[in-house]
Amino acid sequence: MKDEDLRDLNLPNYEIPPELTGQLAITTLDRIYNFGRRSSLWPMMFGLACCAIEMICAQAGRYDMARFGMEVMRPSPRQSDVMIVAGTVTKKMVPAIIRLYNQMPEPKYVVAMGACASGGGPFKEGYNVVAGIDKFLPVDVYIPGCPPTPQALIHGMILLQQKIDRQSIKHVRWYDGKKEDAVAVPVPYLGPDLIDPRRIPEIKAKAAELAAQEQQIAPQQA
Amino acid sequence: MTTPAPAETLDLAARFPGAVSADTRPGYTGWIVTPEKLLEFAQFVRDELGYDYLVNLCAVDYLPENRMEVVYNVFKTTGGPGLTFKTWAPRTDPIEIPSVISIWPGADFQEREAWDLYGVKFIGHPDLRRILMWEGFEGHPMRKDWQEAFYDEDVKPFKRRWPDGKHVYAEKRAVYGDNINFKPGFDPEKWTPTDPEEALYKSLKKYKSETTDGIETDHIIVNMGPQHPSTHGVFRAVVVLDGETVVSLKPVMGYLHRNHEKIGERNTWLQNMPYTDRLDYFNSMTNNWGYALAVEKLMGIPVAERAEYIRVIMAELSRIQNHLILIGMLLNDLGAYFTPALYAFEERELILDVFEAVSGSRMMCNYFRFGGVVRDIDEDSLRKIKDLVFDRLPRKIEEFDRLLTENEIIVSRLKGVAPLTAEEAIAYSMAGPMLRASGVPYDIRRADPYGIYDRFDFDVAVRYNGDMYDRYLIRVDEMHQSIRILQQAVKSIPEGPIASQKPSYTTKVPPGESYGRVEGPKGELGFYLVSTGKPNPWRYHVRTPSFVNLTALEKMCIGTKIADFVAILGAVDIVLGELDR
Ligand code: SF4
């Protein structure tokens, strides 16, 4: 390890005997844990639309995300740390996305890349479009743009690193046995339209209300 | 076959009395055929008149007249202008039209799309399932009386938002507080799910193999996608395998169906321009051109001379970067993980720099306007382009050629794999490099010239084996030809204005229809537009090469190994933005 790296890590500022400098660092558990995680973020190889092309550009020679330890794209969710939702989320696709998310092991993060993933973007009004992935998944970083440039993506990923830096083993959800279920998002399914299992009672009530209204109108017309 | 008379002078109405009449609505051309005689007419048009190439098929909903029309654009693969004909049925369910799949197999997906989005039942179609939406979805969303959950008004600009700029979240106004809609009284708990996949699996031919030596062999079904590293996006293919050999295959799409056409029909004419960027997001310049061309045809306006040259320059640069990426990604699919692709991206960045300098955006250029382009190219960019086309790109294409073309692995993986004959390619309405690799020298830049391509000296690249190797080679050939065009264009670009019209937000488009087609890097990109004279298009249909070229995917893949399927798909050169729209 280079001296500078150690200096960065050695925050509690304990005196290290001169003969051991360069070989020893005294640090907190949180810091070393986060240092490891943030320096090897493995995104899932998963592109939805136009934004994915800029994601590939960010990986390629000119922008080279590898400099920040974010280049190991994994085709399997089991090996990924971060899901970059790069593109328009459609109703037809969203069950697959949620399933992929549920298959990712903790700790996991979600980055919404571009206007579409953040809130529907130019296609928000479309009948097959989910207006933002945050309707289903907890998003850690939003990156604006249509498409965000590779620099913007890298900036977003650095923000994610900063977020990771601030986490503490004591509070993270994945070591808390009780919260186990909190991380599995119920998978929506395709009926006459997209059905979010969490909203079934609400949908039912509203549909019944609409039916009642219709009934009221019908006799009046007759 | 005798030399047919040109369609304009040909009186098809006299040939089919009572069944065919000329389309005399102002601004329309072609013929109207009754559904009963449609097949006979189509057969005649193909066999006697030589229009062997069905390019576009789409439905148009004329709600006020209560008619659902289906439009066919056919061309001759020997070149020349096309023929348009239409048939229609009253807008009461079921809307039934005979399927032309027996005459032009390339109608397959396009008819399925019209069924999915418009509910036109094509009688005789062997596999009429939804294609973009899922089986079980409520309604046919492109119909004019179908409203989405975030429906605001029929057309933009929405008065509620303009001119005082008040914005209310669509979520706040939608009945269910989100982009979803259910019938009154719908009960998600009592609702029995119909398996959206059932029809799909039924449509796969499940051949049962024989029992040999007492061992019964069965086939397995493999789902590739929608999240799969080799499907170039959210494309899915369901493959039936016998060992490693593909015996049946169905592409499943729609995972990126973002309702381009529905939104396009609410937009104003100009508002659609940036949306076209997002069709084939590698080539926003060519997409812009296709749309601009179709609207210019409708408006009958000229294009500024300098802008014509700029358009050619941008479109050909776009083609080169598209083909470079295609070759890089194809090598990826063959297992040369990312090295060639990285080289390709290096060159692409240089071309994107030019795009960014002239248009302000790397990918979503939104650069063309009706009658010209939006900004001029400055001296600096022109110098950059000159450097690229006279020095760097020819060298780099040469380098790619040297590195890859004779490579042993490439030759053995590509040569003789998944061939498509010229007849098949035409029948399946293949377009662009896929068609030309099969020995059909059909290039719209020559066959049905647009812009100023007739002024340039270049050859239509053509290869004759129709296999994967030729599909690779043709891309290299085309890059060489693009360089030739570019060199002539940058030398002869004149000074002058860059637009024939004053910049304006509103566009006056006279009523009528038009079909504008350009030779995109992936194949024919066509826009079928209907105007009613209003500030918004009545019909906005995009005929995309990625979508239609996949019609032959099953044909190409049967009998090959599953590992080859990945490469075959790669060589078709699909991009999901325009495949699913
Ligand atoms: S934000 Fe823009 S570039 Fe990104 S997927 Fe959406 S439309 Fe495409």
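Any read-out appearing in this document is the output of simple, stated calculations on the displayed coordinates, not a laboratory observation. Small disclaimer: the values here were computed from a predicted structure and weren't measured. With ideal geometry, Cβ positions are generated from the backbone for all residues, glycine too; neighbour counts draw on all protein chains shown.
Over segment A:66-132, the hull volume per residue, using the convex hull of the C-alpha atoms, is 83 Å³. Neighbouring Cβ atoms from other chains, within 10 Å of the Cβ of residues in B:185-195, number 5 on average. Placing pseudo-labels 7 Å out from each Cα toward the beta carbon at A:ARG198 and B:LYS202 gives an inter-label distance of 3.6 nm. Peptide B:172-180 has a mean of 6 when you count, residue by residue, the C-beta atoms of other protein chains within 10 Å of its C-beta.
On a per residue basis, the convex hull of the C-alpha atoms belonging to segment B:83-218 measures out at 214 Å³.
Given springs between every Cα pair under 10 Å in a Gaussian network model of chain A, which of A:LYS92, A:LYS135, A:LYS204 has the largest fluctuation? Checking each option, the largest mean-square fluctuation is seen for A:LYS204. Computed over the protein assembly as shown, the Cα gyration tensor eigenvalues convert (square root of 5λ each) into semi-axes of 43, 34, 29 Å, ordered from largest to smallest. Pairwise inverse Cα distances across segment B:393-532, averaged and inverted, put the Kirkwood hydrodynamic radius at 17.6 Å.
When Rg and the Kirkwood Rh are both derived from Cα coordinates, the Rg/Rh ratio for chain B amounts to 0.96. For segment B:1-142, the equivalent ellipsoid derived from the Cα gyration tensor has semi-axes of 27, 17, 13 Å, listed largest first. Mean partner shielding of peptide A:193-203, defined as the number of other chain Cβ atoms within 10 Å of each residue Cβ, is 5.
Check cross-link reach from B:LYS561 to the lysines: straight Cα distance under 28 Å, and skip same-chain residues fewer than eight apart. Leaving aside lysines fewer than 8 places away in the same chain, those within reach of B:LYS561 are B:LYS202, B:LYS205, B:LYS206, B:LYS208, B:LYS250, B:LYS415, B:LYS522. The residues B:ASP573, B:ASP116, when put in order of fewest to most other Cβ atoms within 10 Å, stand as B:ASP116, B:ASP573.
Full extension of the chain between B:PHE44 and B:LEU10 yields a length gain of 11.0 nm, computed as 0.36 nm times the residue separation minus the alpha carbon distance. Here the Gaussian network model covers chain A, with springs between Cα atoms less than 10 Å apart; of A:LEU29, A:LEU194, A:LEU153, A:LEU29 fluctuates the most.
Ranked by the mean number of other Cβ atoms within 10 Å of their residues, highest first, the peptides A:45-51, A:55-61, B:39-45, B:182-188 fall in the order A:45-51, A:55-61, B:39-45, B:182-188.
Treating each Cα of segment B:268-401 as an identical point scatterer and summing with the Debye formula, the log10 of I(q)/I(0) at q = 0.14 Å⁻¹ comes to -0.65.
Taken over segment B:83-191, lysine pairs spaced eight or more positions apart, or on distinct chains, with alpha carbons under 28 Å apart number 16. Counting only lysines at least 8 places from B:LYS502 when in the same chain, those with an alpha carbon closer than 21 Å to its own are B:LYS297, B:LYS534.
For segment B:159-299, taking the reciprocal of the average inverse distance between every pair of different Cα atoms yields a Kirkwood hydrodynamic radius of 20.5 Å.
Computed from point charges on the beta carbon alone (+1 for Lys and Arg, -1 for Asp and Glu), the dipole magnitude for segment B:472-581 about its Cα centre is near 380 Debye.
Coordinate range of the alpha-carbon atoms in segment B:479-555 per principal axis, descending: 49, 43, 17 Å. Here chain A is treated as a sphere whose radius is the Kirkwood value from Cα pairs; by Stokes-Einstein at 37 °C and 0.692 mPa s it diffuses with a coefficient of 164 µm²/s. Going from the fewest other Cβ atoms within 10 Å to the most, the residues B:GLU513, B:GLU305 appear in the order B:GLU305, B:GLU513. Annotation: the antiparallel percentage among DSSP beta bridges lying fully within the protein assembly as shown is about 75.
Give the aspartates and glutamates whose C-alpha is closer than 13 Å to that of A:LYS204, dropping any in the same chain fewer than 8 places away, or say none. Cross-link targets: A:ASP196, B:ASP187, B:GLU189.
Counted over segment B:89-151 with a bin width of 10 Å, the fraction of Cα pairs per bin, in whole percents, is 22, 51, 24, 4, 0.
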